[in-house]
Amino acid sequence: MSENMADKMKRKLSGKSVTAIILFGAIILVFVFFGLPGPMGAGVGSVARVNNSLISVADFQQEENRIQQYYQNLFGSQMDFSSQRQLLRQQALENLVRMELVSQAAQKNGILTTDAEVANFIVKDIPFFQQNGQFQREFYSRYLESTRSTPGDFENKVRKDIANVRTRQMFELAAKPTAVELKKIQELKSQKINVLFARVDSEAATKALSKEKADAAVKALDEALAKGDEAAVNAQLKELKATWEETGFVELSAETFPKITSSVATEAVFELKKTEPLLKRLVRDGNAKYVLKLKETKVEQVSALEPMAPEMLQKRRGDGMFEAWVNQFRSKSHVTMNTQALQLN
């Protein structure tokens, strides 16, 4: 996408999220690589059904070609996709199914796109259809011919993208944090904690001891934690060849903690209390087990949040709400995919 195109899109979207611009990019990237050959041989049939709507083989092949061109533009035109072909096709199929789900959910909830909006976007906001700032129908027709699309097919894609962008924007607007929330976030950022943790690897423990001894030590560790017996906990950690580490001071509002790579253990950190620094349970995450202890806390006054913090929070919340909304609609929808499409030549 050219800088000129990006600027135009930003003006058109007037403050919509970067994610919204990317959604439009699903169409725009085709124009960027306008004229490049694509696997357009099989244009009949469908690769998926979303409720009563079919996703055509032609759309699937265009989406596959778009994704490939995107990655080639990102990593170099000589990139070899032969070994990743199936993954690329899975992504293309999932993208199209998701797009259709969002479109149907938006329509069901009255989030619509008018014919005038579609026409205005095609005529005014796609520079590849323009010459000297004027829309050229010949360029538009040439594009439709090269992609074997009809005006109705293409306009329907534009209509869906506009509805998708509008839907995301609505969730972002609804997710705007209040002044009270921002104040609370500022308070949380001023509070910092330093956490001690010990990681027990079941496989490593089994190799160092034996399966029976390792299992017995883990069981004893669990019992010592439940009793809050730190001396017994330390003895079992030594037996299991596990050592204490610390995260260093981290903001209480942080989503991750240094050295703790487990999301399960990270969530468990927020169970720690000053009155009971040692977590009275073993945190299990696959083969890894964590012992957690609150070492110390402190408060550092934060004068103000970073300028981008409220916007980032709003976007993260909006994205989460949007994903939950789409997943809920999907759970109530009938979606079938033709996995044979992944083997197309």
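State which residue is surrounded by the most Cβ atoms within 10 Å (Cβ to Cβ) when the search covers only segment 50-74 and only residues that are under 18 Å from L101 (Cβ atoms) and free of Cβ contacts under 8 Å to residues at least 24 places away in the same chain.
S56
Restricting attention to segment 133-148, and to residues there that are under 14 Å from A58 (Cα atoms) and touching a residue at least 60 places away in the same chain (Cβ under 8 Å), which single residue is nearest to the chain's Cα centre (by Cα)? So that I can check it myself, show each step before the final result.
Filtering segment 133-148 for residues under 14 Å from A58 (Cα atoms) gives 144-148.
If we keep only those that are touching a residue at least 60 places away in the same chain (Cβ under 8 Å) too, we end up with 146-148.
On the way: S146: 33, T147: 29, R148: 32 Å.
For segment 133-148, the residue satisfying everything is T147.
Hey, does segment 322-340 have a residue that's free of Cβ contacts under 8 Å to residues at least 60 places away in the same chain, surrounded by 12 or more Cβ atoms within 10 Å (Cβ to Cβ) and more than 24 Å from the chain's Cα centre (by Cα)?
no
Determine which single condition K273 fails, assuming it passes every other condition in (1) farther than 19 Å from A217 by Cβ; (2) in contact with a Gly (Cβ under 7 Å, 6 or more places away or on another chain).
(2)
Name the residues in segment 252-286 that are assigned to a helix (DSSP H, G or I) and either of a type outside the set (A, V, I, L, M, F, W, C) or free of Cβ contacts under 8 Å to residues at least 12 places away in the same chain (or both), would you? If you could, list the steps in order and put the result at the bottom.
If we filter segment 252-286 for residues that are assigned to a helix (DSSP H, G or I), which is where we start, we get 263-269.
S263, T266, E267, listed by residue number.
Checking Y140 against (1) aromatic (F, W, Y); (2) within 30 Å of L313 (Cα to Cα); (3) in a helix (DSSP H, G or I), which test does it fail?
Of (1) aromatic (F, W, Y); (2) within 30 Å of L313 (Cα to Cα); (3) in a helix (DSSP H, G or I), only one is false for Y140: (2).
Scan (1) touching an Asp or Glu at 6+ places or on another chain (Cβ under 9 Å); (2) touching a residue at least 60 places away in the same chain (Cβ under 8 Å); (3) more than 13 Å from N194 (Cα to Cα) for the single condition D222 breaks and write down its number.
Among (1) touching an Asp or Glu at 6+ places or on another chain (Cβ under 9 Å); (2) touching a residue at least 60 places away in the same chain (Cβ under 8 Å); (3) more than 13 Å from N194 (Cα to Cα), D222 violates only (1).
Of everything in segment 33-92 that's among the basic types (K, R) and more than 28 Å from P127 (Cα to Cα), which residue is modelled with the highest pLDDT?
Keep residues of segment 33-92 that are among the basic types (K, R), which gives 49, 66, 85, 89.
Now narrow it down to the ones that are more than 28 Å from P127 (Cα to Cα): 49, 85, 89.
On the way: R49: 94, R85: 83, R89: 90.
Among residues in segment 33-92 that are among the basic types (K, R) and more than 28 Å from P127 (Cα to Cα), the one modelled with the highest pLDDT is R49.
So which residues in segment 189-206 are in contact with a helix residue (DSSP H, G or I) (Cβ under 6 Å, 6 or more places away or on another chain), in a strand (DSSP E or B) and farther than 11 Å from V269 by Cβ?
The initial filter retains those residues of segment 189-206 that are in contact with a helix residue (DSSP H, G or I) (Cβ under 6 Å, 6 or more places away or on another chain), namely 195, 198, 205-206.
This time we only want the ones that are in a strand (DSSP E or B), so: 195, 198.
Listed by number, the list holds a single entry, A198.
The values are calculated or read from the model by the stated rules, or taken from the named source; none is laboratory data. Bear in mind that the values here come from a model prediction, so they are computed numbers and not experimental data. Neighbour counts run over all protein chains shown; Cβ positions are idealised from the backbone, glycine included.
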